[in-house]
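Here is the structure we will look at, set down as structure tokens.
The values are calculated or read from the model by the stated rules, or taken from the named source; none is laboratory data. None of these values were measured; they are calculated from a predicted model. Quick reminder, even Gly has a Cβ in these numbers, built from the backbone with ideal geometry, and neighbours come from all protein chains shown. Note: accessible area is taken over every heavy atom of the protein model, side chains too, but ligands, DNA and RNA are not part of it. Shrake-Rupley method; radii C 1.70, N 1.55, O 1.52, S 1.80 Å.
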Amino acid sequence: MIAIVYQPIDVSAVLREASHDSSGASVLFLGSVRDHGEKGAVSEIYYEAYLEMAEDALRKIEHYVIEHWNLLGFVTIQRLGLLKVGEVSVAIAVSSEHRKEAFEACSYVIDAIKQSVPVWKKEISAAGSRWVEGVMLEDNKEDGYV
């Protein structure tokens, strides 16, 4: 399951949704807003996305990891809008029969999201705001991300 939302992410629900009776391992990754960036203090981050492209990219990642790592459960939720320090911006949960596959798949998913999903962020601080430069989409194919 993939979703792009504007409300806070229910982490317990993400983990429950990814669980499976046949799994021996579940891995949960949470990306959250931190209080600093490359240019100093941060009080909030504004996330926006090209929704149709972002959903399509997340679906491609979902299909790839489920097949490649034989996952039994998969959930990725990306939050958009204005988030304060400490709030969860992305949640990924995977389950599989064994821990190695679950860890590898979860690690791949967050890297693939950073590389190929069109989500942009603006850091906000007392000094003002600035869009954070991301990875160029054309560069992804060299890294092997879908």
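Brief remarks follow.
- Qualifying aspartates and glutamates (Cα of each under 12 Å from Cα of K121; at least 8 residues distant if same chain): E44, E48, E133
- Taking amide H as placed 1.01 Å from N in the peptide plane, I9 has its amide H under 5 Å from the amide H of V88, each at least 5 places away in sequence or on another chain.
- Each Lys and Arg Cβ is given +1 and each Asp and Glu Cβ -1; about its Cα centre, the chain then shows a dipole of about 400 debye.
- The relative contact order of the chain comes to 34 percent, based on Cα pairs under 8 Å that sit 6 or more residues apart.
- Area of E44 that stays accessible when all protein chains are in place (1.4 Å probe, Å², to 10): 40 Å²
- Whichever lysines have a C-alpha closer than 28 Å to that of K122, once near sequence neighbours (fewer than 8 apart) are set aside: K39, K60, K84, K114, K141
- Against the rule of thumb 2.2 N^0.38 Å, how large the Cα Rg of the chain comes out: 1.06
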